[in-house]
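Trainee: Handing you this structure, nothing more for now.
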Amino acid sequence: MTVRQSGVVDADGHVVETARALTACGWSGATGNIGLDHLLAAPDVGYRPDLAGGAQDPQLRLVDMDRERIEVAVNYPTFLLMVNQLDAQPAAEACRAYNTWFAATYRAADPERLRAMALVSLADPGVAAEEGRRAVVELGAPGIVVS
């Protein structure tokens with residue numbers, strides 16, 4: 001069952017980004033923050049697919065949305081909400097990889113229903129503006145989020 005025109009928008013959905021997924025999208029594999037790097041490397045610690053399957057799988061997210069009669073979900077990262085605790089270069093790299101990953105996976109699965117706010121870091125305002133523009137114009141993000 002695909003929900004259409006229910007009018008329900010989940011404006012605070014979350015996905016669980018992983019080191020493996022981000023590396024496939026250009027991330028070098030380390031943020032310089034031991035805690036964040038651990039979370040990205042082991043996102044399944046405490047993971048319960050019966051509660052959060054859609055946080056790691058776009059097809060399961062769509063099933064969850066249909067069950068809950070959600071027409072559109074606007075999503076945010078989980079672990080990378082800590083991005084502004086990083087130095088400028090690893091923060092920019094992580095944001096770019098996250099935005100690319102979401103577009104290539106979730107958004108590609110259903111561009112009308114699965115959206116994500118573009119993640120940018122304020123460590124370098126020029127880079128943040130450039131990444132925000134890329135994510136909105138090229139990747140279809142509805143806006144930007146700054147943690």
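The values are calculated or read from the model by the stated rules, or taken from the named source; none is laboratory data. Since we're looking at a predicted model, the values are computed, not measured. Note: ideal-geometry Cβ built from the backbone for every residue, glycine included; neighbour counts use all protein chains shown. To get the accessible areas, we keep the full protein, side chains included, count just its heavy atoms, and leave off ligands, DNA and RNA. Shrake-Rupley method; radii C 1.70, N 1.55, O 1.52, S 1.80 Å.
Trainee: Report whether or not Ser147 is buried (at least 23 other Cβ atoms within 10 Å of the Cβ) and polar (S, T, N, Q). Give the steps one after another, and end with the answer.
Mentor: On the way: buried (at least 23 other Cβ atoms within 10 Å of the Cβ): no; polar (S, T, N, Q): yes.
So Ser147 fails the test.
Trainee: Here's a follow-up. Just wondering, is there one or more residues in the stretch 109-122 that are within 13 Å of the chain's Cα centre (by Cα) and among the basic types (Lys, Arg)?
Mentor: Initially, the stretch 109-122 is screened for residues within 13 Å of the chain's Cα centre (by Cα), giving 114-120.
Then keep just the ones that are among the basic types (Lys, Arg); that gives 115.
Yes, that holds for at least one residue.
Trainee: Which residue, of Gln56, Gln5, is loosely packed, with under 12 Cβ neighbours inside 10 Å and at pLDDT below 90?
Mentor: Gln5
Trainee: Sort out which residues of the stretch 100-147 are part of a loop (DSSP other than H, G, I, E, B) and of a type in the set (Lys, Arg), and write them in order of number. Let's see the steps before the verdict.
Mentor: Looking only at the stretch 100-147, we keep the residues that are part of a loop (DSSP other than H, G, I, E, B), and these are 110-113, 117, 121-124, 138-143, 147.
Answer for the stretch 100-147, where residues must be part of a loop (DSSP other than H, G, I, E, B) and of a type in the set (Lys, Arg): just Arg113.
Trainee: In this structure, is Asp44 modelled with pLDDT under 95, open to solvent by 60 Å² or more (accessible area, probe 1.4 Å) and in contact with a strand residue (DSSP E or B) (Cβ under 8 Å, 6 or more places away or on another chain)? Walk me through it before giving the result.
Mentor: On the way: modelled with pLDDT under 95: yes; open to solvent by 60 Å² or more (accessible area, probe 1.4 Å): yes; in contact with a strand residue (DSSP E or B) (Cβ under 8 Å, 6 or more places away or on another chain): no.
In short, no.
Trainee: Turning to a different aspect of this structure: Return the residues of the stretch 69-87 that are free of Cβ contacts under 8 Å to residues at least 60 places away in the same chain and open to solvent by less than 60 Å² (accessible area, probe 1.4 Å); say none if nothing qualifies.
Mentor: Within the stretch 69-87, the first condition is being free of Cβ contacts under 8 Å to residues at least 60 places away in the same chain, and the residues that meet it are 85-87.
The answer is Leu86, and nothing else.
Trainee: Right, next: Here is a list of conditions, (1) among the aliphatic types (A, V, I, L, M); (2) closer than 18 Å to Gly32 by Cα; (3) open to solvent by less than 60 Å² (accessible area, probe 1.4 Å), and Met65 meets all of them except one; can you say which number that is?
Mentor: (2)
Trainee: List the pairs whose first member sits in the stretch 12-33 and is touching a residue at least 40 places away in the same chain (Cβ under 8 Å), whose second member is surrounded by 19 or more Cβ atoms within 10 Å (Cβ to Cβ) and of a type in the set (Asp, Glu), and whose Cβ atoms are under 7 Å apart, counting only residues at least 6 apart or on separate chains?
Mentor: What qualifies is Trp27/Glu93; Ser28/Glu93.
Trainee: Looking only at residues in the stretch 11-41 that are within 21 Å of Ala116 (Cα to Cα) and hydroxyl-bearing (Ser, Thr, Tyr), which one is modelled with the highest pLDDT? Let's see the steps before the verdict.
Mentor: Here is the first cut: in the stretch 11-41, the ones within 21 Å of Ala116 (Cα to Cα) are 11-27, 36, 39-40.
Narrowing the set further to residues that are hydroxyl-bearing (Ser, Thr, Tyr) leaves 18, 23.
Numbers: Thr18: 90, Thr23: 95.
This residue is Thr23.
Trainee: Need pairs with beta-carbon distance below 9 Å; first residue over 29 Å from Val63 (Cβ atoms) and within the stretch 88-107, second among the basic types (Lys, Arg); sequence gap 6+ or separate chains.
Mentor: Sorted first by the residue in the stretch 88-107, then by its partner, the pairs are Arg96/Arg134.
Trainee: What are the residue pairs meeting all of these: first residue in the stretch 122-147, first residue under 15 Å from Asn84 (Cβ atoms), second residue aromatic (Phe, Trp, Tyr), Cβ atoms under 8 Å, and 6 or more apart or on different chains?
Mentor: Val145/Tyr76
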